[in-house]
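The block underneath contains the structure these notes are about, expressed in structure tokens.
The values are calculated or read from the model by the stated rules, or taken from the named source; none is laboratory data. The model shown is predicted, which means the values in this text are computed figures rather than measured ones. For neighbour counting, all protein chains shown are included, and Cβ atoms are generated from backbone atoms with ideal geometry for every residue, glycine included. These area figures cover heavy atoms from the full protein model, side chains too; ligands, DNA and RNA do not enter into them. Shrake-Rupley method; radii C 1.70, N 1.55, O 1.52, S 1.80 Å.
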Amino acid sequence: MMTSSSGIRVRYPPSPTGWCHVGTARMAIINFLFARRNNGTVIFRSEDTDKERGTLAFEQDIIECLRWLKLDWDKFYRQSERLDIYRKSLRALIDTGKAYISEEESKKEPGKLIRVVRLRNPGSKITFTDLIRGDITFDTGELGDFVIARSTDDPLYHFAVVVDDDDMGITHVIRGDDHISNTPRQILIQEALGYKRPEYAHYPLLLGGDRSKLSKRTGDVAVKSYRESGYLPEALLNYISILGWTPKSQREIMSLQEMTAEFDIKDLHKSGAVFDMEKLRWFNRQYLHSMPAETFAKNALNVLESAIHESGVKWNESVGESILNLVRERIHVWEDIRVLVANGEFNFFFTDPVLVTSEIPEKKSNVSEAVRHLTQSQTIISSIPDDSFNEPDKIKTALWDCATEAGHGAVLWPLRYSLTGRKQSPDPFLVASIIGKDATLRRIAAAIEQLRTP
Ligand code: GLU
């Protein structure tokens, strides 16, 4: 935790009514970057007063997901534990005549009388300066004397937010622009209570692929689902951060520290950014590529082993280790390993392939030619010394003259087919070196046998 000396105080005020959303993470990131850049304090305030929808499980999920992204905060509050504070302020407003109790028929239960509290609205024009959007003016006359509490014991959301922001010394309210229309109400309550007005900054919300509001309908929005599919927290954090923010350096790949050092709220965009899954995958790939080899190996081997087991193939750790570079080349996220294995893209490293003639490339139907070339390859490969076999280049050199003479394709497709059972695969020299000389010769023999049998 940094020392706070600037006096700047911001808040993460999520309502725990659902799983931590990409939008919740973005709200926290922007507040975090702003506060830490300015040596300020961050307050986590769980706005858990919605008794019907709020749950502790959602609150826990939000906390865990933000921690997973390596975001932190200095103080934690729950609105449900602060009801006495709201009641006192409400009482003060009623006592000074700035708010009044009004007996009305309940909208929920017609015929029932309830005693709500309404703010005596002076109906003035309110202008506030938004750090992102500039001056915004509202005519508050239209709001009338709006309700601020369902009863003297049960203050509404706007009221609690205003009391908390003042009590917690919030200097900057930085939130999505879906809250702009709440701001005039909140300012009126502040003024009635005699509070200082904080600075406001409303950033545009993220959009889904079709440019509508980002929601479940437009793609996955729960941070935990990215976590579960094996996205790296650094990549997700980095991608969400630069969505709608272009740092002056124009860099894209940045650590949390680098972003904090460069953050300027004025560089947030004024229009909504699209949350693009493909771009997120690209970010994740950059992080997978720069991951230290050991860390990559540990994680990739775990996923690979379980995927290989699931596909009913026997696991071999040293084969797994020798295909790590191939794995790294082919994936964007850990989950891709499972998809590749399910598609049979790595299985042949661990077990002899089942040869099916449909995998023979079209226009290569001259099977007797293929058998002839395979037999030649078999002879050449048998003569490669065992201690050269772990170097794909040596295998390539040994086969190259024969392949050049007969045509590379003519020699190499049957070799690839026999080693992998597939039309496409990593180059056959590499495959041969990884599976070893015995397996290579055994597979070639099996392919010759299969191709000869009509
Ligand atoms: N609890 C509100 C929400 O989750 C945020 C309130 C605010 O930013 O003032 O949307």
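Data overview
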{"item": "Residue match in the stretch 146-160 (condition: closer than 27 Å to residue 64 by Cβ, modelled with pLDDT of 95 or more and out of contact with any His (no Cβ under 7 Å at 6 or more places or on another chain))", "result": "yes"}
{"item": "Matching residues, the stretch 153-162, being aliphatic (A, V, I, L, M) and more than 12 Å from the ligand (Cβ to nearest atom)", "result": "156"}
{"item": "Selected residue (only one of 447, 432, 406, 439 is open to solvent by less than 80 Å² (accessible area, probe 1.4 Å) and over 46 Å from the mean Cα position of the chain (by Cα))", "result": "406"}
{"item": "Sole exception among (1) closer than 18 Å to residue 173 by Cβ; (2) away from the ligand (no atom under 15 Å from the Cβ); (3) touching a strand residue (DSSP E or B) at 6+ places or on another chain (Cβ under 9 Å) for residue 72, by number", "result": "(1)"}
{"item": "Cross-chain or 6+ apart pairs with Cβ under 9 Å, the stretch 231-247 first and within 15 Å of residue 268 (Cα to Cα), then crowded, with 21+ Cβ neighbours inside 10 Å and charged (D, E, K, R)", "result": "240/26; 241/26; 243/26; 244/26"}
{"item": "Scope the stretch 294-326; condition among the hydroxyl-bearing types (Ser, Thr, Tyr) and either open to solvent by less than 70 Å² (accessible area, probe 1.4 Å) or touching a helix residue (DSSP H, G or I) at 6+ places or on another chain (Cβ under 6 Å) (or both); matching residues", "result": "295, 306, 311, 322"}
{"item": "Subset of the stretch 171-207 [open to solvent by 60 Å² or more (accessible area, probe 1.4 Å), assigned to a loop (DSSP other than H, G, I, E, B) and within 15 Å of the ligand (Cβ to nearest atom)]", "result": "197"}
{"item": "Some residue of the stretch 124-139 being within 16 Å of the ligand (Cβ to nearest atom), touching a helix residue (DSSP H, G or I) at 6+ places or on another chain (Cβ under 8 Å), open to solvent by less than 60 Å² (accessible area, probe 1.4 Å) and assigned to a helix (DSSP H, G or I)", "result": "no"}
{"item": "Close pairs (6 angstrom Cβ cut-off, 6 or more residues apart or separate chains): closer than 21 Å to residue 36 by Cα in the stretch 151-177, at pLDDT below 95 and within 12 Å of the ligand (Cβ to nearest atom) anywhere", "result": "176/205"}
{"item": "Top-ranked residue in the stretch 338-354 [being under 20 Å from residue 441 (Cβ atoms) and in contact with a Leu (Cβ under 8 Å, 6 or more places away or on another chain); ranked as surrounded by the fewest Cβ atoms within 10 Å (Cβ to Cβ)]", "result": "353"}
{"item": "Among the candidates 391, 369, residue that is surrounded by 15 or more Cβ atoms within 10 Å (Cβ to Cβ), among the acidic types (Asp, Glu) and without any contact (Cβ under 8 Å) to a residue 60 or more places away in the chain", "result": "369"}
{"item": "Candidates 11, 37, 26 - the one that is under 17 Å from residue 70 (Cα atoms) and more than 16 Å from the ligand (Cβ to nearest atom)", "result": "37"}
{"item": "Matching residues, the stretch 262-276, being exposed (fewer than 15 other Cβ atoms within 10 Å of the Cβ) and touching a residue at least 24 places away in the same chain (Cβ under 8 Å)", "result": "264, 266, 269, 270, 271"}
{"item": "Residue match in the stretch 273-283 (condition: more than 24 Å from residue 328 (Cβ to Cβ) and of a type in the set (Asp, Glu))", "result": "no"}
{"item": "Scope the stretch 166-187; condition in contact with a Leu (Cβ under 9 Å, 6 or more places away or on another chain) and either hydrophobic (A, V, I, L, M, F, W, C) or over 16 Å from residue 135 (Cβ atoms) (or both); matching residues", "result": "166, 172, 174, 176, 178, 185"}
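Okay, residues lined up against (1) touching a Lys or Arg at 6+ places or on another chain (Cβ under 9 Å); (2) of a type in the set (Asp, Glu); (3) within 30 Å of residue 29 (Cα to Cα):
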residue: 89; (1), (2), (3): no, no, no
residue: 97; (1), (2), (3): yes, no, no
residue: 104; (1), (2), (3): yes, yes, no
residue: 111; (1), (2), (3): no, no, no
residue: 119; (1), (2), (3): yes, no, no
residue: 126; (1), (2), (3): no, no, yes
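Per-residue answers, yes or no, for (1) open to solvent by less than 40 Å² (accessible area, probe 1.4 Å); (2) β-branched (Val, Ile, Thr):
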{"residue": "209", "(1), (2)": "no, no"}
{"residue": "214", "(1), (2)": "yes, no"}
{"residue": "236", "(1), (2)": "yes, no"}
{"residue": "242", "(1), (2)": "yes, yes"}
{"residue": "246", "(1), (2)": "no, yes"}
{"residue": "251", "(1), (2)": "no, no"}
{"residue": "255", "(1), (2)": "no, no"}
{"residue": "259", "(1), (2)": "yes, no"}
